[in-house]
Amino acid sequence: MARCIFTGANLIDGDRPARAGVTVVVEGERIASVNEGPLQDVRPDDRTIDLAGKTLMPGLVLCHFHATFYDYNTRQAPSLGLEHTPTILALLAAKHVELALASGVTSVVSGSCPHRIDASIRDAITLGLIPGPRMWAASHELCSSGDIIDAQNLHWQYELGNAGTTRKVDGPEGFRTAVREEIAWGSDIVKLNVSDGHGVAPASERMSCSPEELRAAADAAHERGKKVRAHVASRRGVLECARAGFDVIDHADRMDAECIDAILEAGSFVVPSMLFPERFLAAMESVDLESGEQVMSGMPSIESTRDVVERIRGVREDFEYTRGIVPEAHAAGVKLVLGDDYGTAVLQQGEYAAELEFYVKDVGIPPLDVIRWGTRNGAELMDMGDQLGTIEPGKLADLLVVDGDPIVDIACLQQSDNLLAIVKGGYFVKDRLGP
């Protein structure tokens, strides 16, 4: 079997500090060897590529990805999952998974979806019908009565019988049944909406689910070998999700030291997803709301100007708190991963690598650590730490060749022209490396 031999690599292997002058051999879909210095047993049919100091690193893993999101905002569109017909949403999802792969993202974990679209997209990728990353499909977003699914008259479309991305569930048995059904419909990970807050509204300590409902959902997923995740921003919600054994905690805006201890004990992964609220605040705080200037389209029109001003102030307070607690969680050993609400009006699909720069420059996380979040930790969340996430012999060859050094300039990953090669399972999705 012909091999591909990368020589002279600046190797960022997803775990250790960068190493220069490394040779990596790919045979078939896997990494055959990693060698300090040149390889001695080159064969006539080998393809040898001298990277001349360019970076070789693992493909990125996004652990909060909404494939159907497209320029979404709450004023112009109805509730999530009802913006277009299911067919159009599925076509958008196919477009976005291809875009993710072309951006160096070789694996994604969905954050929720409407109409069971994710499972079909995942299967279409597996069957080779469409290009895309390795994908974990998510469920509808399970919500209890009296919360987002019944909120004021903002989501009147739900009364027509189609709740889009959301699904109303109540009681431990209700959650247990819903989780089982979502898994039967093809979900790899089931999503619950546990508290309000994050990004467009401040967190409150009110929980949408009881501890008993959380435990029932987690137990039902784990009994079937699947995982469960939660949209949760409040301190109380984070604590209860960790105690219930949730595998993934999305946002965790108001987690504190007690929450961090509970997260560590549970072995939960946390997706801070801070770039969306940063973009949202930048847009909203550039508008002089108190002078009566028009509110951006992403804001529900039912609110008074005073309500909007107070809400944005609360979001800013949460954001600054999260900016301080995320480094503490990281230092404590919490398994942090990448992923955000791409496809919204303020954060477009395709901007995936901007998240890495944000955590380095705005939150103060070292570049190598952020790269670990987006490679090694993501693979571990997908139960593929023995197959993906680092460049080691025997692992699947999901690789990026980067014209630049992300440790020196993490922003280099945002430029498509800097991604000279994208490899998924030994197959070149993109190849600008010459003969």
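The values are calculated or read from the model by the stated rules, or taken from the named source; none is laboratory data. Quick caveat, the model's predicted, so the values are computed rather than measured. Don't worry about glycine lacking a Cβ; one is built from the backbone with ideal geometry, like all the others, and counts go over all protein chains shown. Accessible surface is based on the protein model in full, side chains and every heavy atom, while ligands, DNA and RNA are left aside. Shrake-Rupley method; radii C 1.70, N 1.55, O 1.52, S 1.80 Å.
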Q: Name every residue in the range 175-212 that is assigned to a loop (DSSP other than H, G, I, E, B), within 23 Å of the chain's Cα centre (by Cα) and of a type in the set (Asp, Glu), in order of residue number.
A: 188, 196
(Q) So in the range 37-51, with the set limited to residues that are touching a Ser or Thr at 6+ places or on another chain (Cβ under 9 Å) and without any contact (Cβ under 8 Å) to a residue 60 or more places away in the chain, which one is least open to solvent (accessible area, probe 1.4 Å)? (A) 37
Q) Which of the residues spanning the range 250-279 are under 16 Å from residue 62 (Cβ atoms) and crowded, with 24+ Cβ neighbours inside 10 Å? A) 250, 251, 269, 270, 271, 272, 273, 275
Q) Out of curiosity, is residue 34 of a type in the set (Val, Ile, Thr), assigned to a loop (DSSP other than H, G, I, E, B) and in contact (Cβ under 8 Å) with a residue 12 or more places away in the chain? A) no
Q. Would you say residue 231 is within 21 Å of residue 323 (Cβ to Cβ), of a type outside the set (Phe, Trp, Tyr) and not in a loop (DSSP other than H, G, I, E, B)?
A. yes
Q) Consider residue 360 against the criteria (1) in contact (Cβ under 8 Å) with a residue 60 or more places away in the chain; (2) of a type in the set (Val, Ile, Thr); (3) over 16 Å from residue 62 (Cα atoms): it satisfies all of them except one. Which criterion is unmet? A) (1)
Q: Could you list, in sequence order, all residues of the range 109-131 that are in contact with a helix residue (DSSP H, G or I) (Cβ under 8 Å, 6 or more places away or on another chain) and in contact (Cβ under 8 Å) with a residue 60 or more places away in the chain?
A: 109, 110, 118, 120, 131
(Q) For the range 371-395, give me each residue that is hydrophobic (A, V, I, L, M, F, W, C) and either surrounded by fewer than 24 Cβ atoms within 10 Å (Cβ to Cβ) or part of a loop (DSSP other than H, G, I, E, B) (or both). (A) 382, 384, 388, 391
Q: Go through the residues of the range 279-290 one by one and say whether even a single one is of a type in the set (Phe, Trp, Tyr) and either within 16 Å of the chain's Cα centre (by Cα) or in a loop (DSSP other than H, G, I, E, B) (or both).
A: no
Q) Identify, please: which residue in the range 310-343 is surrounded by fewer than 15 Cβ atoms within 10 Å (Cβ to Cβ) and farther than 21 Å from residue 368 by Cβ and is, among those, modelled with the lowest pLDDT? A) 310
Q) For the range 123-155, how many residues meet the condition of being of a type in the set (A, V, I, L, M) and either in contact with a His (Cβ under 8 Å, 6 or more places away or on another chain) or at pLDDT below 95 (or both)? A) 4
Q | Options 356, 368: the member that is assigned to a helix (DSSP H, G or I) and either over 15 Å from residue 275 (Cα atoms) or over 17 Å from the mean Cα position of the chain (by Cα) (or both) | A | 368
(Q) Out of everything in the range 1-31 that is outside any strand (DSSP E or B) and in contact with a strand residue (DSSP E or B) (Cβ under 8 Å, 6 or more places away or on another chain), what residue ends up being most open to solvent (accessible area, probe 1.4 Å)? (A) 1
Q: Could you tell me whether residue 79 is in a loop (DSSP other than H, G, I, E, B) and of a type in the set (S, T, N, Q)?
A: yes
Q) Do you know which of the residues in the range 198-213 that are in contact with a Ser or Thr (Cβ under 6 Å, 6 or more places away or on another chain) and surrounded by 20 or more Cβ atoms within 10 Å (Cβ to Cβ) is modelled with the highest pLDDT? A) 209
(Q) If the requirement is being buried (at least 21 other Cβ atoms within 10 Å of the Cβ) and under 15 Å from residue 57 (Cα atoms), which of these qualifies: 401, 346? (A) 401
Q) Within the range 64-73, is there a residue that is open to solvent by 10 Å² or more (accessible area, probe 1.4 Å), assigned to a loop (DSSP other than H, G, I, E, B) and of a type in the set (Asp, Glu)? A) yes
